[in-house]
Every structure is written in C-alpha cells, then in structure tokens.
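Below is one structure, written out as structure tokens, with a few remarks after it.
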Amino acid sequence: MTLFLDHNQYYRLPWNLPDNAISWLEVTKACNLYCEGCYRENEPGGHKSLEDIKSDLAVFRKYRKTDGVSIAGGDPLVHPDIVEIVRLIAQEGLKPILNTNGHALTKELLRDLKKAGVVGFTFHVDSKQHRPGWKGKTEVELNELRLQYAQMLDEVGGLSCAFNSTVYADTLPYVPDILSWAQEHIDIVHVVVFIAIRAAVLDSFDYYAGAKKVDMSPIVYSTGEEGQRLDILSNDVVEVIRTRWPDFEPSAYLNGTEKVDSFKWLLTGRIGTKKSILGYVGPKFMELAQTWNHLRKGTYLAYTDPIVQRRAKSMLLLSPLDKGLRGVRKKFFGSVLRNPLNLFRRLHLQSVTIIQPADMLCDGSTSMCDGCPDITVHNGQLVWSCRLEEQLKFGCWIRAVPKGEAATGPCGSPCPPACAGGRD
Ligand code: SF4
C-alpha cells in the first residue's frame, strides 16, 4: 500500500503560471549524451540563435514573474554561446541556473560562466545515462562523479550545487544511498532532486491531435521498455527514504491539476552536519521563505544562496514560528549540553525535492503540476516543457482516449500503470 502523506499538513507552494519561482529556457536540442527517460529528441546542431533566446526571454518578461531561469536543452553547455546566454539572463536581474549533465564542463568554462553571472548548476547524473567511462555504474558508484562536480563548483565558490536523478523501479532502492552521500557532503551539495520516470502509455490509449488520430510511438517520451513501471509516486520515494531516516518529513508541495492530493513537487528541507541530520524545516518556514522573498523582490524564491544554506544555525531564530525548526533547535542544544564545543559547529540546510511528472489517468486526462515551474516558451506562448515534443511534432497538445476493450479501472476505463496517481 502506498504511504499516506496528508497534503493539508504541508505548505502549498504559491507558484502559478504568471508568478513562479522558476522558468525553463531551452537553448538547444543538441546533447552530448543519451539518457533513457529524456523528454527531448536529440538534434545535433539544434541550437537556438541569440535572437531567438532574447525573444524567449521577452515572452517570460511579458507573461511571467520569475526568480530563476533554468537553462536547459539538450545540454546547454554544448551551445557555442552559452556564456553569452548566461550573461543575458543575469543582466535581466534573473538567476541563471544551468541544467546540465556536466559532461562538457571544464574548469575554464566554469570560471567564464561564473564571471557571466551563473548562480547555480543542476547536474543530471544517473545510471541510465550512456556516459563515456561511467556506463554500467550503479547509483552508488556514480556518487564519485557527483563528488567531482560538487568539488569543481566548490573550488570556484559561491555557486549553488544541485543534483537530479531520474528514478526507475530498479533504482528506487538506491535513493537513500544518494541521500547518504549528499549528507556526507552537505557543505557543498545544496539540493538533491529525484524525478520519477514517466512516459506516454501506448497500449491502453489512442491518441488524437485535434480530431485526427495520431501515432505517438515516435515521440521520445512514449513507453520505452516493455512492462516498465510508470507509476512511482512521490509517496513511494518518501517511503524508501524513511527506511533510513524514519523522521524524514516534507514541508511544501505542488499538487496535480487533476488530483488535489498528489505531490507533483514535494520539497523537504533538512538541517544537519556531515555526520547527522538534526531535523526538517516545517511548512511555516517554507511559507516565510517564499513570502519574504516575494515581499522584498516581487518574486517567489528559487535557488537559495549557498551562503544562506550554510548558516542554518541562524534560522533557528525562527523556531518560535516553525515546529520543524523547534525540533532542530531541541536536538542542537541537546548536543551542546553533551559537548559544549558543538555550539560552534556549522549547521547546513539541504533541500530534497521529489518530482512526480505528468500522470496519465484512467479517463485519458493528464494530471500536470499545478503551478508548473518548468514552463518554457514555444511560438511566443508559455507551454509545459515536459510535453514540448507534442507541440513540435503535432502543433498542439495530444489527447489520450482510452481504448474500449481491456480490463477497467475505478472510473470504468482501462487502467494505465500510472493510475495509482489517478482520480479515485
Ligand atoms: S508539468 Fe511537466 S514540465 Fe511542468 S513541472 Fe511538472 S513535470 Fe515539469
């Protein structure tokens, strides 16, 4: 049975379509790796021109307040003008964050990107990437590569360091190992993101572009492997994490557009040292962080400055307002009583985000992230980046219609694997 998490106990992030913490800028379709589960068709040389990128930024400016811009692709580091792109975004007063597999990152490029104003990196590293020199390595073995990137950023200093991994049925058990590694490096790893694998389900549905039936199979995010599990929920990831940290407690979320109590983005802030986690921030802390940033800067908070994350002890001043912080304070002063030197220990804040992307429901509807942060631009409009291929190939969103035959789910339609996240 799926672990129950009560969304009413958590802070519903205030992110929405015109006012969000993040926006997603795709600068190229080219990539230097192949990753299973990638949402974008690799198109070598498919770089956007600087003019096109400027016009995408103008669309964001027109329609959407944003704090950070995730620069994505393809792999953005293979774009020949990546330094200039970062500079353009920084000049607009936005936080440029590079979403990359890291393969093309050199120390020299990193220094140039820092000078241009990059504020952080999210490295996609997982075992389903066909990465030269790392093929066949387990998630645990890949921690060595993760550490290389984290140390590269740390040498330059002042950059937010995040890692994301796509989670498959066979890699789900390794989630705690990645988190243990992240805790050991809590001083230089600021964010860890787990993204449940999703794909269009071909055998239970017909697909339509307008009134025309279409073949979805050429779309990169159509079902890959036979029998692949596509219904991993954020709850499942939390359940696995709790096998190692039983008190692991999220504090904020985004729900699904079709299912109010699903956790499409589930955020946890843990406070601790390299040796132990003292506790987890609560919903009030998350609310204060988002609201305070919006009051001060007019945008919801995206990536936190690493300087702030390593001053988690000062956050304990907010403990009268937040239950989670009160728990951390109690454990911290308990440790000080046992050893007064602990008073001088640095405490770090590390974020753990779990993403449960598009869920296909029994009736053919798709539950998207309500307040999607990864909105991108296509033809001058804001669109979901995870389903951009539909716009590119068919010029519209594709609708799924359940096939008539086959066993039925609770709503009377054939039940796809992801329906565990569906309406009931
Ligand atoms: S709707 Fe798609 S693009 Fe938007 S946050 Fe969810 S998974 Fe990402």
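State yes or no: is VAL328 of a type in the set (Val, Ile, Thr), more than 30 Å from LYS95 (Cβ to Cβ) and in a helix (DSSP H, G or I)? Spelling it out, it is not the case that VAL328 is of a type in the set (Val, Ile, Thr), more than 30 Å from LYS95 (Cβ to Cβ) and in a helix (DSSP H, G or I).
Scanning segment 204-217 turns up no residue that is under 19 Å from the mean Cα position of the chain (by Cα) and either part of a strand (DSSP E or B) or not basic (Lys, Arg) (or both).
Cβ-Cβ contacts under 7 Å between residues 6 or more apart (or on different chains), taken from a first residue in segment 186-215 that is closer than 30 Å to VAL156 by Cβ to a second residue that is in a loop (DSSP other than H, G, I, E, B), are listed as ILE186/THR273; ILE186/LYS274; ASP187/LYS274; ASP187/ARG310; ILE195/PRO357. Does segment 344-357 contain any residue that is open to solvent by less than 60 Å² (accessible area, probe 1.4 Å), part of a loop (DSSP other than H, G, I, E, B), modelled with pLDDT under 95 and within 16 Å of the ligand (Cβ to nearest atom)? No: zero hits. Of the residues making up segment 219-238, those that are surrounded by 18 or more Cβ atoms within 10 Å (Cβ to Cβ) and outside any loop (DSSP other than H, G, I, E, B) number 5. Quick one: in segment 250-301, of everything that is under 15 Å from TYR10 (Cβ atoms) and among the acidic types (Asp, Glu), which residue is farthest from the ligand (Cβ to nearest atom)? If we take residues in segment 250-301 being under 15 Å from TYR10 (Cβ atoms) and among the acidic types (Asp, Glu), then GLU287 is farthest from the ligand (Cβ to nearest atom). Of the strands (runs of 3 or more DSSP E) that lie entirely inside segment 242-318, those containing 3 or more residues that are open to solvent by 10 Å² or more (accessible area, probe 1.4 Å) span 277-280.
Of all the listed residues (VAL140, VAL119), the sole one being more than 18 Å from the chain's Cα centre (by Cα) and not basic (Lys, Arg) is VAL140. Residues that are surrounded by fewer than 21 Cβ atoms within 10 Å (Cβ to Cβ) and assigned to a strand (DSSP E or B) were ranked within segment 367-404; the one that is nearest to the ligand (Cβ to nearest atom) is VAL383.
The values are calculated or read from the model by the stated rules, or taken from the named source; none is laboratory data. Note that the coordinates shown come from a computational prediction; the quantities given were computed from them, not determined experimentally. Cβ coordinates were reconstructed from backbone atoms using ideal geometry, including for glycine residues, and neighbour counts include every protein chain displayed. Areas reflect the complete protein model, heavy atoms only, side chains present, ligands, DNA and RNA absent. Shrake-Rupley method; radii C 1.70, N 1.55, O 1.52, S 1.80 Å.
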